[in-house]
Amino acid sequence: MDYSFFDFLKLIGSLGMFLYGMKVMSEGLQKATGDKLRSILSAMTNNRVMGVLTGVMITALIQSSSATTVMVVSFVNAGLLSLAQSISVIMGANVGTTVTAWIISLFGFKISISAFSLPVIAISIPFLFSKSSKRKSIGEFLIGFALLFLGLDYLKNSVPDIQNNPEILGFLKEYTSMGYLSILLFLLIGTIVTVIVQSSSATMAITLIMCSKGWISFEIAAAMILGENIGTTITANLAALSANVSAKRAAFAHLLFNLFGVCWMLIFFYPFTRMIAWLVTNYGPGDPYEITSFLSTVSPSIVDQVTESPTGSLTPDLTAIQTKLVTLQVAVSYALSLFHTIFNILNVCIMIWFVKFYVYFCSKVIKPKTTDEEEFHLQYIPSRMLSTSELSVLQAKKEIAQFGERARQMFDFVKSYYHEKDENNGINLFNRIEKYEKISDHIEIEIANYINDLSEGRLSFEAKSEIHSLILADTEIESITDACLNMARVIKHRNEKNSPFTDEMHQNVTKMFSYVDKALSRMTEVLHLNEPLPSDVNASYNIENEINNFRNSLKMRNFEAVNTKKYAYQDGIYYMDIIAACERMGDYILNVVQAVTDKKLK
């Protein structure tokens, strides 16, 4: 066959344009409606039916079930959705993704929508240069829509010419005439292709093209579509690999839902496909089974001629062949889209009654690991979840709040270490503090890298305004943990030197600890607020002033105590080092609160 490496690159490039167009279109809509999607997911999942409808609506809007399921897994990871709520939304996403197939069926084969792609891009240009971020997002959506259909058109023209190479067609037919085994084989192929290209919509487009060219029969194409339903679950499961237990269960539920659906469909596969063919034959353009036999009776050269030539330039006989071919191609695309849609709707109608079973089964299969809670892991923003970057800002804020809680817990260890009398317990506490500080270093870097990746993605203006404040808060929280370790080292040196503190010194250190505790409590409260305001910093300012005034007072009293020989100079050094470390912590704590509240003024 005359099919060069350059032709293969054109095929890959066409697929790349299709995928990129879908990505740009999806992200444009996510940017324009990101906050609304977030509020819809949080508010409309109170019952199973509303959850399903929410999944259908959002997936139909953003044209990506993978984006919806990753978003859902992210929300489960952050505790915004329960496992039961997430399962109903994922069920709806499976129905919503069928919209892509209908768009391709209605426009991709019936008319040459690629001819309108360039004018659509021209219309989108003014939107891209608009000062309004929403209009820019609309422009990106239009460009993505145009690129999607340009890619689809190039894809149709870049596939190998099997019609002129019957030996390859014979090789393909060898695997399409094995009865039920062929169904299972092409189901596996559909799964593998979807896993590779990471898009069930792209695989659906490839399947439609293969069937419309007569390479595979309608039933084989339907089997590939079932495989695509399994393959599309890989994205959410990859996203959940480093997530918490609830997110893993949500992704696993997605896989189970599609697997169970495919299993019952395989039992009724032949009656179901014949029913679809009957519907399209009697109420649609024609019989989807007919295209394979029709193409076998027409020479490849005539097929090329009627495919590439406009209708007006053909003879009446060729025009009739062209009309017949287009009608059968539309029939095939309608049949496959209808198969995809009715299967997913029926699957949801059946499985929606088993949501509690899915929750129970997934909870039994995926159990919490009994590992040390101090092992490093991000709870809310695993790196594989970055595909929905607009909504991931919320996950970053959740992780920052969790980081603040870890810093507060580390200070609790420092307080316990200061009061600990048993030497072995003291060593264990110090080792624990050191371990926490190392974990915090990793967390700071991971959060910073994640936020930097977010800043390079497609974000609304409002989301971008939060990026700088989140990075500042991340850095300052890590400084709090550094101050905790430094304080622990001072305590360790004091213990090693058996440096005694007077009762007054102990009381003053305990009082300073209480001020820092108060500041940390206020900081964590602000970090957990959905929309912290500049006024929320006032209480932190007051606590910081109390810490500074108390430090200054102790500094003067320490100078007098050392001069009057109340305690040794070295004891005073250890004492004031602990007080100074607390004062620095107060500064860092105030910086965190300022970072997350002052963003409103930027």
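The values are calculated or read from the model by the stated rules, or taken from the named source; none is laboratory data. What you see is a predicted model; the values in this text were computed from it and never measured. Heads up, the Cβs are rebuilt from the backbone with ideal geometry, glycines too, and the neighbour counts pull from every protein chain shown. Heavy atoms of the whole protein, side chains included, go into the accessibility calculation; ligands, DNA and RNA do not. Shrake-Rupley method; radii C 1.70, N 1.55, O 1.52, S 1.80 Å.
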Practice task
With θ set to phi - 60°, apply the Karplus curve 6.51 cos²θ - 1.76 cosθ + 1.60 along the range 256-265 and write out the HN-Hα couplings as whole Hz, x wherever there is a Gly or Pro.
Solution key: 4, 4, 6, 5, 4, x, 5, 4, 6, 5
Fill in the blank from the handout: Gyration tensor on Cα atoms of the range 450-602, a ≥ b ≥ c root eigenvalues, a/c under 1.5 rounded, else prolate if a/b beats b/c, else oblate, says prolate
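Find how much the distance from residue 263 to residue 555 grows on full extension, using 0.36 nm per residue of separation minus their present alpha carbon separation; answer in nm with one decimal. Write out the running numbers ahead of the final one.
On the way: separation 292, 0.36 × 292 = 105.12 nm, distance 7.53 nm.
So the chain would gain 97.6 nm between residue 263 and residue 555.
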Fill in the blank from the handout: Projected onto the charge dipole of the range 409-527 (unit charges on the beta-carbon of Lys, Arg, Asp and Glu, signs +1, +1, -1, -1), the Cα from 413, 470, 440 with the largest positive-side position is that of 413
Practice task
Please work out how much accessible surface residue 27 shows to a 1.4 Å probe, ignoring ligands, DNA and RNA, in Å² rounded to 10.
Solution key: 30 Å²
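Heavy atoms only, probe 1.4 angstrom, no DNA, RNA or ligands counted: give me 365, 516 ranked by accessible area, highest first.
Greatest to least solvent exposure: 365, 516.
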Practice task
Using a 10 Å cut-off on Cβ atoms, rank the peptides 220-226, 6-12 from the highest mean neighbour count down.
Solution key: 220-226, 6-12
Exercise for the section: Using a 1.4 Å probe and ignoring any ligands, DNA or RNA, find the accessible area of residue 441 and quote it in Å² to the nearest 10. Expected result: 50 Å²
Fill in the blank from the handout: The simple spin-label model distance between residue 7 and residue 405, using points 7 Å out along Cα→Cβ, in nm, is 5.9 nm
Fill in the blank from the handout: HN-Hα couplings for the range 529-538 via Karplus (6.51, -1.76, 1.60; θ = phi - 60°), in whole Hz with x for Gly/Pro, come out as 6, 5, 9, x, 10, x, 5, 5, 7, 4
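If the limit is 28 Å between Cα atoms, which of 464/518; 415/464; 435/497; 136/397; 511/566; 518/565 go over it?
On the way: 464/518 31 Å; 415/464 38 Å; 435/497 24 Å; 136/397 26 Å; 511/566 20 Å; 518/565 33 Å.
Where the Cα-Cα span goes over 28 Å, the pairs concerned are 464/518; 415/464; 518/565.
So between residue 541 and residue 424, what do we pick up on full extension, going 0.36 nm a residue minus the alpha carbon distance? Write out the running numbers ahead of the final one.
Values: separation 117, 0.36 × 117 = 42.12 nm, distance 3.88 nm.
Here the answer is 38.2 nm.
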Practice task
Quick one: accessible surface of residue 278, probe radius 1.4 Å, all protein chains present, in square angstrom to the nearest 10.
Solution key: 130 Å²
Fill in the blank from the handout: Ordering 474, 412 by the accessible surface of their heavy atoms, 1.4 Å probe, largest first, yields 412, 474
Problem - Per-residue HN-Hα couplings for the range 548-562 [Karplus 6.51, -1.76, 1.60; θ = phi - 60°; Hz; x = Gly/Pro] - result: 5, 5, 5, 4, 4, 4, 5, 4, 5, 5, 5, 4, 5, 5, 5
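For the range 500-602, what is the charge dipole size about the Cα centre, in debye to the nearest 20, if Lys and Arg each add +1 at the Cβ and Asp and Glu each add -1 at the Cβ?
Numbers: 12 positive and 14 negative charges, 35 e Å.
Magnitude of the dipole: close to 160 debye.
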